[in-house]
Amino acid sequence: MTTAVDPSKTQAQAEAEQWLRMYRQMLMIRSFEESANDLYTRALMPGLAHLYIGEEAIAVGVCQSLNPNDYITSTHRGHGHCLAKGAELDRMFAELLGKKAGYCKGKGGSMHIADPETGNLGANAIVGGSAGIATGAALSAKRLKTNQVAVCFFGDGAMGQGLLYEVMNMAALWKLPVIYVCENNLYNEYTHNSETLAGDMVTRAAGFGIPGEAIDGQDVRKVYATAKEIVNRVRGGAGPAFLVCNTYRFHGHHVGDVKRDYYRSKEEETMWKTQRDPVKMLADWLISEKLADRAALDKMHAEVEAEVKKAVKFAIDAPYPGVDEVHDDIYA
Amino acid sequence: MPETRELTLGEAVREALAEEMRRDSTVFICGEDIAEAGTVFKVLSGLVDEFGPERVLDTPISEPGFTGMAVGAAMTGMRPVVDIMFGDFSTLVMDQMVNQAAKVHYMSGGKWKVPMVMRATLGASRRSAAQHSQSLHAWFCHIPGLKVVLPSTPYDAKGLMKTAIRDENPVVFFEDKMMYKLKGPVPPEDYTIPLGLADVKRKGDDVTIVATSSMVQVALGAATMLDAQGISAEVIDPRTLWPLDEETILESVKKTARAIVVDEGYFRYGATAEIASVIAEKCFFDLDWPVKRIGAMHVPIPFSPPLEDATVPTEQMVFDAARNMFE
Ligand SMILES: Cc1ncc(C[n+]2csc(CCOP(=O)(O)OP(=O)(O)O)c2C)c(N)n1
């Protein structure tokens with residue numbers, strides 16, 4: 001999200017603050033997901049938990065380039081997108097636990113968090129299912145002249161869904177302000193995408209005349225810079241854009257996916273976790289550029305963990321909705 | 001006496017859409033061949049001249065795509081009306097209607113709303129064969145979060161369409177393609193008909209015939225035949241299958257003690273099953289005869305004219321069913 005520029009600050013200072021803000025957000029998502037994992041394994045969280053750990057730089061880099069009232073749609077792996085767009089930790093956890101204080105009064109759960117206040121049109125448990133919604137929101141923005149853009153986050157698995165190509169066709173025909181962001185973490189559940197995707201991803205969008213590029217999704221500086229440039233272009237009326245962020249999910253498809261050796265190797269996982277961790281990569285850079293020292297980053301980490309812990313407690317203590325509420329909100 | 005005119009059902013739908021588009025600039029229509037062509041049934045002819053191509057939006061042949069976009073547009077300040085050329089193609093948009101449109105309000109704990117209308121045709125007997133002749137409205141009635149409307153007269157079509165557009169929820173609106181030329185009185189002024197209010201199309205004392213869409217005409221024809229036999233039939237059109245006006249139906253059945261339900265959807269697991277079971281559950285002891293259901297034959301709709309005609313309920317079938325109740 002953009003913040004007002006303080007003229008007394010030097011550009012370098014402002015930039016340093018911006019990277020530190022993004023670092024904090026990545027830490028927050030990381031810590032949120034670790035707590036979700038913990039809640040799930042302690043049987044406090046019902047349902048499914050699809051963790052975003054390893055992919056934090058994408059949500060943060062993209063959402064930092066958006067205005068608060070810009071729209072996003074998200075996926076079953078959506079906690080990171082919701083948080084990066086401005087969701088509060090406590091109401092997020094409450095939703096994960098099915099509590100009334102949650103973003104959707106406990107009716108949505110992990111895979112359906114939505115929040116009009118932060119432009120979040122909703123996470124979606126149908127793979128590729130929100131492509132229409134994001135594109136329709138872009139249509140509204142254009143017709144109502146609101147200057148908003150819509151970002152549609154999806155995984156590489158959604159590249160197999162026809163809906164995506166139907167709406168890309170219309171978005172390109174009608175120059176709609178929508179950005180399709182593919183988080184290519186290589187796997188569709190338990191299948192490598194070399195078995196599910198033909199050809200080249202970026203040229204698929206190019207077939208509709210939609211400009212696209214593939215970037216390193218572990219480098220938040222790269223994601224942010226690219227997204228900012230794309231958002232400006234799309235907001236300016238250039239029509240839709242496509243961005244592939246190459247990434248990796250450090251954990252299983254969901255929390256219960258622990259025996260993974262039949263579809264991916266330990267070595268591969270270790271390589272990504274040790275050499276391609278987006279949080280560590282940004283920390284190393286901040287230190288090498290002398291924008292922060294290790295102690296400052298550690299302090300930030302401790303603060304974030306304390307916030308997360310407080311939010312978890314809030315959610316655990318929060319009451320469930322009354323059973324009589326089951327009939328509420330079916331019709332507006 | 002207020003002024004009144006005769007319009008066809010198609011003209012009544014068009015007038016409702018035009019008036020709502022004039023009234024509210026966020027209403028727009030999208031679908032295939034709807035602008036210059038005015039749809040294959042010409043129902044939307046001329047709208048593009050008044051409202052322009054941005055509000056009468058010709059789309060590619062992408063039913064899931066434009067229906068999904070309507071969901072997103074509805075959530076963000078517009079009131080889209082989606083035109084699905086033939087109701088049979090609604091099968092393509094099931095994810096967008098069932099998993100997206102119908103769920104958004106509930107899953108978001110009431111935070112987002114989806115004020116959209118999906119228009120589609122239903123009905124056999126145009127010799128269009130199995131992929132252009134189905135009546136699939138019962139599918140949508142099965143889904144909480146959707147409302148389902150089936151008008152049977154031009155008057156109802158106009159009033160119900162206006163209500164559907166102003167509703168804050170996704171509404172599925174089925175128009176029988178054999179009824180577009182059906183004429184009836186339609187007042188020129190603005191009026192709406194609430195969703196969930198049945199209409200007694202004909203008063204009677206001896207048997208209640210609950211009929212939907214084009215089956216209302218079939219029921220009225222059967223009622224005339226029954227009159228000649230001294231049997232007085234009451235014909236009730238629920239007008240919306242969901243919400244369903246149980247009260248009007250049950251009141252009538254309590255009076256007549258006999259009920260027939262006629263619908264052009266498939267018989268098995270269909271709209272007739274639901275209405276018949278509501279009657280059986282709620283006024284079993286008022287009944288002098290088991291509830292009779294009449295629906296489309298359970299086959300893919302065949303092309304050959306005598307075969308196709310055999311699949312659709314007829315006046316004779318309704319007459320025979322009623323006669324049988326008085327043997
Ligand atoms: C339409 C549909 N088909 C199948 C599924 C089951 N499913 C859930 S996640 C998933 C894999 C998704 O992979 P990808 O899109 O790459 O996202 P990732 O999990 O890697 O973030 C599948 C097949 C689903 N939710 N929706």
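The values are calculated or read from the model by the stated rules, or taken from the named source; none is laboratory data. Values in this document were obtained by computation on a predicted structure and should not be read as measured data. Cβ: placed from backbone, ideal geometry, glycine included. Neighbour counts: every protein chain shown. Accessible surface is based on the protein model in full, side chains and every heavy atom, while ligands, DNA and RNA are left aside. Shrake-Rupley method; radii C 1.70, N 1.55, O 1.52, S 1.80 Å.
Annotation: average projected area of the stretch A:108-161 is 4.1 square nanometres, based on the convex hull of Cα atoms across all directions. Surface burial for A against B, with a 1.4 Å probe and both sides summed, reaches about 3300 Å² of accessible area. For the stretch A:277-332, trypsin sites (Lys or Arg not before Pro) meeting the loop criterion (DSSP other than H, G, I, E, B) and having at most 14 other Cβ atoms within 10 Å: A:LYS290.
At the listed q of 0.31 Å⁻¹, the Debye profile of the stretch B:258-307, built from one uniform point per Cα, gives log10 I(q)/I(0) equal to -1.12.
Run the Debye formula on the Cα coordinates of the stretch A:50-184, all scatterers equal and no solvent, and tell me log10 I(q)/I(0) at q = 0.16, 0.19 1/Å. Cα-only, vacuum Debye calculation for the stretch A:50-184: -0.75, -1.05. Taking the square roots of five times each eigenvalue of the Cα gyration tensor of the stretch A:17-60, the equivalent ellipsoid has semi-axes of 25, 10, 6 Å, listed largest first.
Shielding by partners for A:110-122, please: the mean number of other protein chain Cβ atoms within 10 Å of each residue's Cβ.
On the way: counts 0, 1, 6, 3, 8, 4, 6, 1, 0, 1, 3, 7, 9.
Per-residue shielding by partner chains comes out at 4.
Note on the protein assembly as shown: dipole from Cβ charges, positive end direction compared against B:ALA321, B:TYR266, B:PHE41; the farthest Cα belongs to B:PHE41.
Taking the DSSP bridge list for the protein assembly as shown and keeping only pairs wholly inside it, about 20 percent are antiparallel. Model label points for B:ASP24 and B:HIS142, set 7 angstrom from Cα along the Cα-to-Cβ axis, are 3.0 nm apart. If you take the Cα centroid of the stretch A:27-82 and the Cα centroid of the stretch A:96-159, the two points sit 13 Å apart. Full extension of the segment from B:ARG323 to B:ASP288, taken as 0.36 nm per residue of separation minus the current Cα-Cα distance, would add 11.2 nm.
Once amide H atoms are built 1.01 Å from N in the peptide plane, which residues 5 or more positions from A:ALA214, or in another chain, come under 5 Å H to H? So A:ALA214 has HN proximity to A:VAL244. Kirkwood hydrodynamic radius computed over the stretch A:213-259 comes to 12.6 Å, based on all pairs of distinct alpha carbons.
For the stretch B:115-204, the spread of Cα coordinates along the three principal axes comes to 39, 32, 29 Å, biggest extent given first. By DSSP, the beta bridges lying fully in chain B are antiparallel in about 20 percent of cases.
Each distinct pair of alpha carbons in the stretch B:1-125 adds a 1/r term; the inverse of their mean, the Kirkwood radius, is 15.2 Å. Straight Cα distances below 15 angstrom link A:LYS107 to the aspartates and glutamates A:GLU95, A:ASP115, A:ASP324, A:GLU325, A:ASP328, A:ASP329, with same-chain residues fewer than 8 positions distant left out. Comparing B:SER214, B:LEU160, B:MET118 along the charge dipole axis of chain B, the residue lying farthest to the positive side is B:MET118, per the Cβ-charge model.
Say we join alpha carbon atoms closer than 10 Å with springs in a Gaussian network model of chain B; which of B:LYS292, B:LYS147, B:LYS158 then has the biggest fluctuation? Highest fluctuation of the listed residues: B:LYS292.
Return the equivalent ellipsoid semi-axes of the stretch B:168-327 as a descending list in whole Å, where each equals the square root of 5 times an eigenvalue of the C-alpha gyration tensor. Each step should come with its number before you reach the end.
Working: eigenvalues 104, 88, 57 Å².
Semi-axes, largest first: 23, 21, 17 Å.
The alpha carbon convex hull volume per residue for chain A rounds to 145 Å³. In order along the stretch A:200-217, the phi-based Karplus estimate (6.51 cos²θ - 1.76 cosθ + 1.60, θ = phi - 60°) of 3J(HN,Hα) comes to 10, 4, 5, 6, 4, 5, 4, x, 9, x, 8, x, x, 8, 10, 9, 6, x Hz; Gly and Pro are listed as x.
Taking label positions 7 Å along the Cα-Cβ direction at both B:ALA130 and B:LYS255, the computed distance is 4.4 nm, reported to one decimal. Using 0.36 nm per residue and subtracting the Cα-Cα separation, the extra length available between A:ALA225 and A:ALA295 on full extension is 22.5 nm.
For the stretch A:103-108, 3J(HN,Hα) computed residue by residue from phi via the Karplus equation (6.51, -1.76, 1.60; θ = phi - 60°) reads 4, 10, 6, x, 8, x Hz, glycine and proline entered as x.
Considering only DSSP beta bridges whose two residues both sit in chain A, what percent are antiparallel, to the nearest 5? Each step should come with its number before you reach the end.
Details: 3 of 24 bridges.
Here the share of antiparallel DSSP bridges comes out near 10 percent.
Hey, any idea what Rg/Rh is for the stretch A:125-241, computing Rh the Kirkwood way over Cα pairs? Reported Rg/Rh, Kirkwood definition of Rh: 0.96. Which whole-number percentage describes the relative contact order of chain B, with Cα contacts under 8 Å and a sequence gap of 6 or more? Reported relative contact order: 16 percent.
Within the shell of other residues whose beta carbon sits under 12 angstrom from the beta carbon of A:LEU144, the net charge comes to +3, with Lys and Arg scored +1 and Asp and Glu -1. When the Gaussian network model of chain A links Cα atoms closer than 10 Å, the mean-square fluctuations of A:VAL231, A:VAL244, A:VAL167 top out at A:VAL167.
Our coupling estimate for the stretch A:278-292, obtained by passing each phi through the Karplus curve with A = 6.51, B = -1.76, C = 1.60 and θ = phi - 60°, is x, 5, 5, 4, 6, 4, 4, 5, 4, 6, 5, 8, 6, 8, 7 Hz, Gly and Pro reported as x. A 1.4 Å probe, protein heavy atoms only, puts the accessible area of A:THR274 near 80 Å². Considering only Cα atoms, the convex hull volume of the stretch A:257-303 works out to 91 Å³ per residue. For the protein assembly as shown, a simple Cβ point-charge model (Lys and Arg +1, Asp and Glu -1, everything else neutral) yields a dipole of about 1000 debye relative to the Cα centre. Only the Cβ atoms of Lys and Arg (+1) and of Asp and Glu (-1) were treated as charged; on that basis the dipole of the stretch A:1-153 about its Cα centre amounts to roughly 480 debye. Our summary gives the stretch B:149-279 a relative contact order of 28 percent, counting only alpha carbon pairs under 8 angstrom and 6 or more residues apart. Each label point is 7 Å from the Cα along the Cα-to-Cβ direction; what then is the distance between the points at A:LYS259 and B:GLU6, in nm? Taking the simple label geometry, A:LYS259 and B:GLU6 are separated by 7.6 nm. Only alpha carbons enter this Debye calculation for the stretch A:229-332, each as an equal point scatterer, and the log10 of I(q)/I(0) it gives at q = 0.13, 0.20 Å⁻¹ is -1.02, -1.06.
The Rg/Rh ratio of the protein assembly as shown, with Rg taken over Cα atoms and Rh as the Kirkwood radius over Cα pairs, comes to 1.05. Ordering B:PRO144, B:PHE86, B:HIS132 by the projection of their Cα atoms onto the charge dipole of the stretch B:69-160, which places +1 on the Cβ of Lys and Arg and -1 on the Cβ of Asp and Glu, puts B:PRO144 at the extreme positive end. For chain B, the fraction of alpha-carbon pairs lying more than 36 Å apart is 17 percent, rounded to a whole number. Of the residues B:PHE41, A:PHE242, the one with the largest accessible area comes first in the ranking B:PHE41, A:PHE242, computed with a 1.4 Å probe on protein heavy atoms. The mean sequence distance of close C-alpha pairs (under 8 Å, at least 6 residues apart), as a share of the length of the stretch A:74-168, puts its relative contact order at 25 percent.
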